[in-house]
Structure formats: C-alpha cells, structure tokens
Amino acid sequence: MQNHSKLLDIGVIGLGVMGKNLALNIADNHYRVAAFDLDNDKVNGLLAQEQQERLAGQPQRIKGCNNLSEMLSNLTKPRIVVLSVPAGEPVDGVCGALIDAGIEADDIVIDTGNSLWTDTVAREAHYASQFIFFSCAVSGGEMGARFGPSLMPSGDINAWEHIKPIWQAIAAKVDATTGLPIERQEPGNPVTEGEPCTTYIGPAGAGHYVKMVHNGIEYADMQLICEAYQLLSDTCGMSAIEVSAVFSRWNQGSLNSYLMEISAEVLAQVDPLTDKPLVEMILDKAGQKGTGLWTAVSSLQIGTPAPTIAEAVYARAMSTQKTQRQQLSQCLAGPSKAALTGSERTTFIEQLENALYCAKIACYAQGFQLMAMMATERGWQLDFAEIAKIWRAGCIIRAKFLQSITEAYQAAQTQGMELSNLLMAESFSTALSTKQLDWRSAVAQAVLSGVPVPCIGSALAYYDSYRCDTLPANLLQGQRDFFGAHSFERVDTPAGEKYHLNWSHKPRTLVKL
C-alpha cells in the first residue's frame, strides 16, 4: 500500500527551457514535483539546479523519474501532469505513452505548448474517455516560466478547480492598484503578494486562441517599435544609442512596456567583436514560428479586420527577401534623405511618440475585436477585463497600457454595456482624437521620406475606416453586381432586402430579389 503522505503534487514531462523552469517555479511555491524527460541528462540537470537553489533546511521538492509509470505512481490522485513538449505530434506521442503507462479517466493532462487552438479542441474530445485533456497557454519566455508567467488555461471547469491553486501561486503578480508588475527574480523567494496573472479563459481551445491573439498583437507591437526605430534613424539621422535614449524616455510615460524596455537595451548594446552597435551587425532577416500567421489567417477566416497584425506578418516576410531588396534598392527611385534637424526634429520625435501610442491602441483594438468575434462564433464567454489583467505582467506584451484596457472593460461592465471595440471606450477615443494629427504627421513624414511604416500606417487606416460613416464599398457592391449579379442592399430600404440591376438590359431595370 502506498504512503500517501509521500505522494507528489504534480508531474512535469519535458524538461527543456520552459519545462525545467516551470518545475522550479512550482517547487519554489512549495509544491512537490515529479519530473521526467527522455533525456536523462535533463532530469539530472534539473535536480542539480534545484539542490543548488534550495534554501538551507528545505526538503527536496523535485523527484526525478525514470519512466512515466514511475511518475504516475508517485502522484496523488487525481494526477496532474504538465506537458512541456513541442506542439504537434509530440503532444499526441506523450499522451499515447501516458495511456500505456496507466493514466486514468479522472487524471488531468495539461498541454502548455503553443498548440493551434483547433488541435486542442480535437484532443479534448479524442482523449475524453481516457483522461481529462486540459490546456494552458504560457507566455513570458524562460524568465517568465521561472519566476512568474502569464497563464491562459482552458478546458474542463472541474479540472481547473484542481489546478487553480498551483497556477495562482506560480503566475506573475501585479499591484492591484497600479497594475504594474511585482517582480522578484530570487530562487526560493517567490512573489506571493498582488493579483495573479492567470484566470480561467473558457472551454477547450479558448486559452490557446487567446494566446494566439496575444502573439499576433506581440508581432504588431514589435514591428511598431521597429518602424519607430527606422524613422528616427533614417528621418532624424539618429544613432542607435540616440534612439535608445529616446526609447528609454518614452518608456517612462504612456509607452511603458517590456518591449520598449528591451528595445532600448538592444539598441544600446555594443557588439563585442567590432565595438559597433550590435543592432547594426545583426542581419535584417526576421524569423517567425507561426502564431502571428495563425492570428492573421483567423481574422481573414472570421471576417474581422486586423490589418496591423497582418502587416506585421508581412513585414517579417518582406525582411526575408534580402537579396531582392538589395537588388531593387539600386534601381527603384525614392526621395532624397535630408535628415530633420533642430526644432523640426524635436517636433517630429514628439509626433512619433503620439503616433506610436495611437497605433498601439488600434493594434490592441484589432486583437480584442478578433477575440470577441471568435467568442460569439464559438459560444465562449470571454472576460476581456480579466484577459487584459493577466497580460499586465509575465508576458511579452506586458505594459502599463494594459491597465487602461482593463479599466475600460471594467467600466463598460459596470455600466452594463458591451464594449465591442476598444475605440469606443471614452478614454481611448479621447486620446486618439487628441493625438491623431500627430499620428498623421508622422505617417506623412514617413511617406515623404520613403521610410516604410506598414504597421503604423495600417493602424491609421484602421482608425480612419472606423471613423468613416460611409466607405466606398457601395461602389464595390455596384461592381460586383455588374459583373457577377451578386446583388446589393439599398440605404432607403430595410436591412437584408437584396436588389439587382439588369446591367445588360436596355433600359436597365431594378429587380427586388
């Protein structure tokens, strides 16, 4: 008979960067962990690090396991098993191995990888009779996993009740009043105060969908900052270290964010080999892992405009066309590049700061609108105030700005209103209305200087499109009816009534369909 007092609280399978750090984070928060990896060196490495970091007098809280059967036998029931393996086939491979090892119907298996949300929905149904397949998207990278990530769990609500205490303990924390992160990166001394950056998102797939949109916003946010960097470099003739100083100053205000902070650090870094700015020695070809692409595709499939996110994906694709860009740069004409100086330069930097803030609002509006549309289609009850709250710390897009988004959704909830688009929130519509002329000036200067700003520019077009009471889609519908008899609605008849003009007839006659 087993001695239940010696059973462990949770298992972690896959001890790569994320899995290892999640295991250490869980152990820091006084939960006992069973750890397994096919590579025994990774198991031993985790145990050695835990021993090194463990405070004097503390008992060992991580046990290495030789196989999955041993892991399962060491876990209290219902067993909670975390998978930290690459998305795709490896997830199903481990699930199959757990079935062979004797996992039971009430046990909970949590996929923490970047799985496509539709795969998560399919897996929950596929494994329903063998165990509870749960999912939790994790954001924050290596340091987030170790000292507090943003966690987006979804799936069986009863399973969540078992997982919730551990997740709230290991998640990043924020000050409830300011919304700013409470950070302490000390092994054995986790942050226990503040609000945890985790909340139950919804049914299977909801968490991974929200994380996917998070990553799409991340793509756009990064590109927006990069466009500001190029504008300051090309239009103002500023060096990397000068741009770093501007970014550091912006980071003290409304643009305060993790991405702005690290961008300033990257720009200030000197290359150890050449003593030049490191950024100038990095090849301008950007990679991607697909989540931004998934977000752009989802927006197209569901018919929700997310042009800034899509343009961020295209910008990475354009960066890979290095050879063609080098060739075409020699034969395509552009404007002369006389750098702004004096008061003109000072004014432009101020305009660009406001433009970046406005574009950021538009970008987040696109992401939240996309989540809202998918929630309607899937019947998910997404709490956008809570989603904004759990992104305030622990994740890549953590920013002061998210406190304003949280407050906007909370205000709408208090008033019994549905905030279908962030642009409708008074705080944001006022900010955009106040700063939009600077936004336009920055984009105009970029165009006149020949500096590409696909994200800042598309965000402005998104804003202007929603500002337009009438768009030229009336002409577009006329074109479609002319060549394809696709019909159209009229402004002077009830919505839904369709009409067609017999364009080939003489005289042309109008038909109500």
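The values are calculated or read from the model by the stated rules, or taken from the named source; none is laboratory data. The shown structure was predicted, so the numbers you read here are calculated from the model rather than taken from an experiment. Using ideal geometry, Cβ is built from the backbone for each residue, glycine included, and neighbour counts are taken over all protein chains shown. Surface areas here come from the heavy atoms of the whole protein model, side chains and all, with no ligands, DNA or RNA. Shrake-Rupley method; radii C 1.70, N 1.55, O 1.52, S 1.80 Å.
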(request) At least 1 residues that are touching a strand residue (DSSP E or B) at 6+ places or on another chain (Cβ under 6 Å), among the polar types (S, T, N, Q) and in contact (Cβ under 8 Å) with a residue 60 or more places away in the chain in each: list the strands (runs of 3 or more DSSP E) lying fully within the range 57-176 that qualify. (result) 132-139, 150-154
(message) Among the residues of the range 60-73, are any basic (Lys, Arg) and touching a Gly at 6+ places or on another chain (Cβ under 9 Å)?
(response) no
(request) Could you tell me whether the range 421-442 includes any residue that is farther than 25 Å from THR376 by Cα, of a type in the set (A, V, I, L, M) and either without any contact (Cβ under 8 Å) to a residue 40 or more places away in the chain or out of contact with any Phe, Trp or Tyr (no Cβ under 8 Å at 6 or more places or on another chain) (or both)? (result) yes
(message) I'd like the full set of residues that are over 14 Å from the mean Cα position of the chain (by Cα) and part of a loop (DSSP other than H, G, I, E, B), limited to the range 291-314.
(response) GLY303, THR304, PRO305
(message) Could you tell me how many of the residues in the range 239-257 are out of contact with any Pro (no Cβ under 8 Å at 6 or more places or on another chain) and surrounded by fewer than 21 Cβ atoms within 10 Å (Cβ to Cβ)?
(response) 10
(message) For the structure I just gave you, tell me whether TYR364 is open to solvent by less than 10 Å² (accessible area, probe 1.4 Å) and among the hydroxyl-bearing types (Ser, Thr, Tyr).
(response) yes
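Does GLY292 qualify as being buried (at least 21 other Cβ atoms within 10 Å of the Cβ) and at pLDDT below 95?
Values: buried (at least 21 other Cβ atoms within 10 Å of the Cβ): yes; at pLDDT below 95: yes.
Yes, satisfied.
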(request) Run LEU116 past the list (1) within 24 Å of the chain's Cα centre (by Cα); (2) surrounded by 22 or more Cβ atoms within 10 Å (Cβ to Cβ) and report the number of the one that doesn't hold. (result) (2)
(message) Filter the range 246-286 down to the residues that are in a helix (DSSP H, G or I), over 25 Å from the mean Cα position of the chain (by Cα) and either more than 30 Å from VAL174 (Cβ to Cβ) or free of Cβ contacts under 8 Å to residues at least 12 places away in the same chain (or both) and list them by number.
(response) LEU278, GLU280, MET281
(request) Could you tell me whether LYS63 is charged (D, E, K, R), closer than 22 Å to GLY113 by Cβ and either open to solvent by 40 Å² or more (accessible area, probe 1.4 Å) or in contact with a helix residue (DSSP H, G or I) (Cβ under 7 Å, 6 or more places away or on another chain) (or both)? (result) no
(message) With the structure loaded, tell me whether SER84 is surrounded by fewer than 24 Cβ atoms within 10 Å (Cβ to Cβ) and among the hydroxyl-bearing types (Ser, Thr, Tyr) or whether it fails that test.
(response) no
(message) Within the range 214-245, take every residue that is part of a helix (DSSP H, G or I) and more than 22 Å from ALA315 (Cβ to Cβ) and give me the one that is nearest to the chain's Cα centre (by Cα).
(response) ALA245
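Per-residue answers, yes or no, for (1) among the hydroxyl-bearing types (Ser, Thr, Tyr); (2) touching a helix residue (DSSP H, G or I) at 6+ places or on another chain (Cβ under 6 Å):
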site	(1), (2)
VAL447	no, no
VAL451	no, yes
ILE456	no, yes
THR470	yes, no
LEU476	no, no
(message) Considering only residues that are surrounded by fewer than 22 Cβ atoms within 10 Å (Cβ to Cβ) and farther than 17 Å from LEU83 by Cα, which ones fall in the range 151-178?
(response) ILE157, ASN158, GLU161, PRO165, GLN168, ALA169, ASP175, ALA176, THR177, THR178
